[in-house]
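What follows is a short report on a single structure.
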Amino acid sequence: SKEPVFVDGVWGPYDSAMVPGLWLTEGGQSATGALVDHLLETHPAATALCELAESRGSTKYAALADRLDEQRRARGLPFVAMLT
């Protein structure tokens, strides 16, 4: 979609994940969600991410998305996916 759509129980929205300039939401595999949760709980920067989220009054998922977007902008990239 042209605008992000938030739906309980549905993954996303993800900016430019499939089509540049559009938002994607998806039901996804539950294993993918478990993997993301595992990474966000066990990564060496997990504590810093939780602290960042708390300081911003957001979730760790939103804080991570914001941080990735900050890195994208700092590098002058059009899409977060290009950070990889």
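For the chain, the share of accessible area belonging to carbon and sulfur comes to 59 percent (1.4 Å probe, ligands and nucleic acids excluded). Here the dipole of the chain is about 320 debye; that uses its Cα centre as origin and unit charges on the Cβ of Lys and Arg (positive) and Asp and Glu (negative).
With a Förster radius of 30 Å applied to the C-beta separation of Thr42 and Lys2, the computed FRET efficiency comes to 0.25.
Placing dummy labels 7 Å off each Cα toward the beta-carbon, the span from Phe79 to Thr32 is 1.5 nm. In this simple spin-label approximation, Cys50 and Leu22 carry label points 7 Å from Cα along the Cα→Cβ vector, and these lie 3.8 nm apart. Taking every alpha-carbon pair under 8 Å whose residues sit at least 6 apart, the chain reaches a relative contact order of 20 percent. Amide H to amide H, with H built 1.01 Å from N, Ser16 comes under 5 Å of Gly21, Leu22, Trp23, Leu24, counting only residues 5 or more places away or on other chains.
Shape index of the chain: Rg/Rh, with Rg the Cα radius of gyration and Rh the Kirkwood radius from the inverse mean 1/r over Cα pairs, equals 0.96.
The values are calculated or read from the model by the stated rules, or taken from the named source; none is laboratory data. Values in this document were obtained by computation on a predicted structure and should not be read as measured data. FYI the Cβ positions are ideal-geometry reconstructions off the backbone, even for glycines, and counts take in every protein chain you see. Note: accessible area is taken over every heavy atom of the protein model, side chains too, but ligands, DNA and RNA are not part of it. Shrake-Rupley method; radii C 1.70, N 1.55, O 1.52, S 1.80 Å.
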